[in-house]
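*Asks:* Supplied in structure tokens, the structure appears directly below.
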Amino acid sequence: MAERILEMKNLVKTYVMGDEEQVVLKGINLEINRGDFLSVLGPSGSGKSTLMNIIGCLDVPTRGTYYLSGELIRDLPEVSLSHIRNREIGFIFQQFQLLPRLSAQKNVELPLIYAGVSEKVRHQRSAHILERVGLAEKMKNRPNQLSGGQQQRVAIARALVTEPTILLADEPTGALDQQTGHQIMDLFKELHAEGKTIVMITHDAEVAKNGSRIVRIVDGNLSEGVYNA
């Protein structure tokens, strides 16, 4: 039986704007098992970014429940959410979010520094993961010495280096040309084949098809169809 690592039940997220309450997520029910490659597909303003922020413990639900690795994510202090993010989530952003003055290897090591990992182990793990994503010869390069695709590979390596429960990717091909985007999706599929759990947020239906599951979010409502991987 597959191991369930994420479960949302009747999850609601609202924001108060003046005298009005805006309901952004409307009773979300979602389950993710270890090894899933889930695409969350939706247009701008659909609620997908809010859902991503809650999955990544950057925000918490207003009502309903969210369990991540068996832990209830609600009413937790920020320090606890920060520890969960570092331990459970590997973030991959559309604009890479690399520090320009650091080498590729130093960028990859950052989450390990926050986790209190020793310098020797950080160096070994970052070198290994950069080799895994095809950048063994680019470890000392800074971001401005790398192509967009190479920068995204550094970002993927940074997300992988802590061995998180979930890789959470926000429009990971959005800043790339089509050919480079295909190469990054091939890497995601390789990681999925190795057993990694991936949640990818996208507005692009063609990109979403790379996932083994697709859920669609429109006006804060989530639905799932059956698609071929």
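The values are calculated or read from the model by the stated rules, or taken from the named source; none is laboratory data. Computed from a prediction, not measured in an experiment: that's the story for all the values here. Methodologically, a virtual Cβ is constructed for each residue, glycine included, from the backbone with ideal geometry; neighbour enumeration extends over all protein chains shown. Quick note on the areas: whole protein, heavy atoms, side chains included, nothing else; ligands and nucleic acids left out. Shrake-Rupley method; radii C 1.70, N 1.55, O 1.52, S 1.80 Å.
*Asks:* Consider segment 195-209. How many of its residues are out of contact with any strand residue (DSSP E or B) (no Cβ under 7 Å at 6 or more places or on another chain) and surrounded by 19 or more Cβ atoms within 10 Å (Cβ to Cβ)?
*Replies:* Total satisfying the criteria: 1.
*Asks:* Still on this structure, please answer the following. Exactly one of these conditions fails for Ile73: (1) of a type outside the set (Gly, Ala, Ser); (2) in contact (Cβ under 8 Å) with a residue 24 or more places away in the chain; (3) open to solvent by less than 50 Å² (accessible area, probe 1.4 Å). Give me its number.
*Replies:* With (1) of a type outside the set (Gly, Ala, Ser); (2) in contact (Cβ under 8 Å) with a residue 24 or more places away in the chain; (3) open to solvent by less than 50 Å² (accessible area, probe 1.4 Å) applied to Ile73, the lone miss is (2).
*Asks:* To continue, here is another question. May I ask you to list the residues in segment 98-118 that are modelled with pLDDT of 90 or more, surrounded by 13 or more Cβ atoms within 10 Å (Cβ to Cβ) and assigned to a loop (DSSP other than H, G, I, E, B)?
*Replies:* Result: Leu98, Leu102, Ser103, Val117.
*Asks:* Only one of Gly220, Gly134 is surrounded by fewer than 22 Cβ atoms within 10 Å (Cβ to Cβ) and not aromatic (Phe, Trp, Tyr); which?
*Replies:* When all the criteria are applied, what remains is Gly134.
*Asks:* Same structure, new question: Would you pick out the residues in segment 160-194 that are part of a loop (DSSP other than H, G, I, E, B) and either in contact with a helix residue (DSSP H, G or I) (Cβ under 8 Å, 6 or more places away or on another chain) or surrounded by 18 or more Cβ atoms within 10 Å (Cβ to Cβ) (or both)?
*Replies:* If the condition is that a residue be part of a loop (DSSP other than H, G, I, E, B) and either in contact with a helix residue (DSSP H, G or I) (Cβ under 8 Å, 6 or more places away or on another chain) or surrounded by 18 or more Cβ atoms within 10 Å (Cβ to Cβ) (or both), then Val161, Thr162, Pro164, Thr165, Glu171, Pro172, Thr173, Ala175, Leu176, Asp177 are the ones that fit.
*Asks:* Right, next: Could you go through segment 8-30 and let me know if any residue there is under 18 Å from the mean Cα position of the chain (by Cα) and either assigned to a loop (DSSP other than H, G, I, E, B) or crowded, with 21+ Cβ neighbours inside 10 Å (or both).
*Replies:* Checking segment 8-30: at least one residue is under 18 Å from the mean Cα position of the chain (by Cα) and either assigned to a loop (DSSP other than H, G, I, E, B) or crowded, with 21+ Cβ neighbours inside 10 Å (or both).
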